[in-house]
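Engineer: Below you will find the structure I want to go over with you.
What follows is calculated from the coordinates using simple rules that are stated; it is not laboratory data. Note that the structure is a prediction, hence the values are computed from the model and not measured. Using ideal geometry, Cβ is built from the backbone for each residue, glycine included, and neighbour counts are taken over all protein chains shown.
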């Protein structure tokens, strides 16, 4: 089931902004997985690329930083 936002899109709402950050993180993760798996497949099938380890590692670090920033910016639960 796809994630969906119910209600009006209000950029001032902290929950809406957090939802937006989560969707961006999911898109970032999907692009990372698709591109890296494709690059590794092509490397194994045709041509070795010596810098692919560095690219994958650097991108994984950026993805982890994105995840941490989304977790840190999570809105606090109101009592």
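Engineer: Quick one: P(r) of segment 34-73 from all Cα-Cα pairs, 10 Å bins, percents rounded to integers, in order of increasing distance.
Structural biologist: 28, 41, 21, 9, 1
Engineer: Please work out the ratio of the alpha-carbon Rg of the chain to 2.2 N^0.38 Å and round it to two decimals. Walk me through the intermediate numbers first.
Structural biologist: Working: Rg = 17.1 Å, N = 79, 2.2 N^0.38 = 11.6 Å.
The chain yields a ratio of 1.48.
Engineer: Roughly what would the spin-label model give for residue 12 and residue 32, points 7 Å off Cα along C-beta, in nm?
Structural biologist: 3.4
Engineer: Just grab the label-to-label distance for residue 68 and residue 41, each label 7 Å out from Cα along the Cβ direction, in nm (one decimal).
Structural biologist: My value for the distance between the label points is 3.2 nm.
Engineer: Relative contact order for the chain: what percent, with Cα pairs under 8 Å and sequence separation of 6 or more?
Structural biologist: Once divided by the residue count of the chain, the mean separation gives 43 percent.
Engineer: A further question follows. What 222 nm value per residue comes from the helices of the chain, counting each DSSP H run with n ≥ 4 as -39,500 (n - 2.57) and dividing by all residues, nearest 500 deg cm²/dmol?
Structural biologist: Per the formula, -24000 deg cm²/dmol.
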